[in-house]
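J.: Can you keep this structure in mind? I'll have questions shortly.
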Amino acid sequence: EIVSSAVPVVKKENSTPLTEEKPAKIVTEHSLNEEIYSNKISVLVVEDHLVNQKVVVAFLSKMNIRAEVVNDGSEAVNVVQDKTFDLILMDCQMPVMDGYEATEKIRELEKTTGEHTIIIAMTASTMPGDKENCLAIGMDDYASKPISIKILVELLTKYFSDKFVIPDELYGKY
């Protein structure tokens, strides 16, 4: 049996409270994630190599950005039909559907919505004309692999200067 007791609290006139009551902050997994991922930029990483996926996601995480990852262009096209992203980091050479074809399909979908998602090519190919081919297909920019955190900071600053805040621990390093 639970027994409750009430203790009367007497407040003297003109006394100051020992502590000020503040509304309790409810901490949930979601609120913790929101604090951790403070940059509100939604990113889709389209990459077929697990190591490259992990590297890009780790770099984005250091910048307080959460990313979703898919393994090929076909998966990317399917995901963007249901979700919107601010940025797509698109590998160019992948099985099933490469980044070039996926970009063309995404741009076709955007014609029906009027939206435009920034798509940045990520490729190990650095032959003359590669960057121009990526831009001609509809990609907004080009980054050669291996991707560095410095390149990502530069691109995020270029395209999301209104949303992207460089975390203190990275400020001045890139």
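The values are calculated or read from the model by the stated rules, or taken from the named source; none is laboratory data. Note that the coordinates shown come from a computational prediction; the quantities given were computed from them, not determined experimentally. Glycine gets a Cβ as well: all are built from the backbone with ideal geometry, and neighbour counts include every protein chain shown. Just the protein is used for accessible areas: all its heavy atoms, side chains included, with ligands, DNA and RNA removed. Shrake-Rupley method; radii C 1.70, N 1.55, O 1.52, S 1.80 Å.
J.: From the cross-link list LYS40/LYS158; LYS62/LYS83; LYS54/LYS111, which pairs have alpha carbons spaced over 21 Å apart? The partial results should precede the final answer.
T.: Values: LYS40/LYS158 15 Å; LYS62/LYS83 24 Å; LYS54/LYS111 32 Å.
Distance filter (> 21 Å) returns LYS62/LYS83; LYS54/LYS111.
J.: With label points built 7 Å along Cα→Cβ from the Cα atoms of THR112 and LYS83, find their separation and express it in nm.
T.: Result: 2.0 nm between the two label points.
J.: Please report the equivalent ellipsoid semi-axes of the range 99-174, computed as sqrt(5 x eigenvalue) of the Cα gyration tensor, largest first, in whole Å. List each step's numbers first, then the result.
T.: Values: eigenvalues 126, 66, 13 Å².
Working through the eigenvalues yields semi-axes of 25, 18, 8 Å.
J.: Per residue, how much accessible area does the range 114-173 show when a 1.4 Å probe rolls over the protein heavy atoms, in square angstrom?
T.: Computed with neighbouring chains in place, this is 57 Å² per residue.
J.: How much of the accessible area of the range 52-172, probe 1.4 Å, is carbon plus sulfur, in whole percent? Present the calculation step by step, with values, prior to reporting the outcome.
T.: Details: 3240 of 6310 Å².
Solvent-exposed carbon and sulfur of the range 52-172 make up 51 percent of the total.
J.: Separate question: Once the other residues with Cβ under 15 Å from the Cβ of PHE160 are scored (Lys, Arg +1; Asp, Glu -1), what is the net sum?
T.: Values: positive: LYS40, ARG66, LYS158, LYS163; negative: ASP86, ASP140, ASP141, GLU154, ASP162.
Neighbourhood net charge equals -1.
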